[in-house]
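Here's the structure we're looking at; comments come further down.
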Amino acid sequence: ALVGHAHAAGLAVHVWTLRPENAFLPAALRAAPATDGTRRGDAEAEALAFLRAGVDGFFTDDPASGLAAVQAWAARR
């Protein structure tokens, strides 16, 4: 709802900084073992979730996963 309210107010929504390490991902997207904060989880899925929520853009420390998310999102539109 936040994105919708922001857009209704004429604002763009950008999120930052998406990072691929477990320590920065929601539990469901962490790679095993989830307690290893340096392990790379599913950063593409996180970016894709934000795109599906309607954000206008995002900043990421992992350009490859960010690009893959944008391409997957665009292919489904």
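Restricting attention to the stretch 53-77, the residues being touching a Leu at 6+ places or on another chain (Cβ under 6 Å) and without any contact (Cβ under 8 Å) to a residue 12 or more places away in the chain number 0. For the stretch 58-69, a tally of residues being surrounded by 14 or more Cβ atoms within 10 Å (Cβ to Cβ) and within 10 Å of the chain's Cα centre (by Cα) returns 5. Exactly one residue out of 24, 50 is without any contact (Cβ under 8 Å) to a residue 24 or more places away in the chain, surrounded by 16 or more Cβ atoms within 10 Å (Cβ to Cβ) and of a type in the set (A, V, I, L, M, F, W, C), and it is 24. Scanning for something small (Gly, Ala, Ser) and touching a residue at least 24 places away in the same chain (Cβ under 8 Å), does the stretch 33-43 turn up at least one residue? Yes, some residue in the stretch 33-43 is small (Gly, Ala, Ser) and touching a residue at least 24 places away in the same chain (Cβ under 8 Å).
One residue is enough: does the stretch 23-42 have a residue meeting the conditions in contact with a Gly (Cβ under 7 Å, 6 or more places away or on another chain), on the phi < 0 side of the Ramachandran plot and not aliphatic (A, V, I, L, M)? First the steps, then the outcome.
Residues of the stretch 23-42 in contact with a Gly (Cβ under 7 Å, 6 or more places away or on another chain): 23, 25, 29-31.
Add one more test, that the residue is on the phi < 0 side of the Ramachandran plot, and what stays is 23, 25, 29-31.
Narrowing further to those that are not aliphatic (A, V, I, L, M): 30.
Within the stretch 23-42 (the criterion being in contact with a Gly (Cβ under 7 Å, 6 or more places away or on another chain), on the phi < 0 side of the Ramachandran plot and not aliphatic (A, V, I, L, M)), the answer is yes, since at least one residue qualifies.
Restricting attention to the stretch 5-14, and to residues there that are in contact with an Asp or Glu (Cβ under 8 Å, 6 or more places away or on another chain) and in a loop (DSSP other than H, G, I, E, B), which single residue is least open to solvent (accessible area, probe 1.4 Å)? The selected residue is 13. Residues in the stretch 15-71 that are part of a loop (DSSP other than H, G, I, E, B) and within 22 Å of residue 4 (Cβ to Cβ): 26, 53, 54, 55, 56.
The values are calculated or read from the model by the stated rules, or taken from the named source; none is laboratory data. Treat the numbers as computed from the prediction; the structure is a model and nothing was measured. Neighbour counts run over all protein chains shown; Cβ positions are idealised from the backbone, glycine included. Heads up: the accessible areas ignore ligands, DNA and RNA and are worked out on the full protein's heavy atoms, side chains in. Shrake-Rupley method; radii C 1.70, N 1.55, O 1.52, S 1.80 Å.
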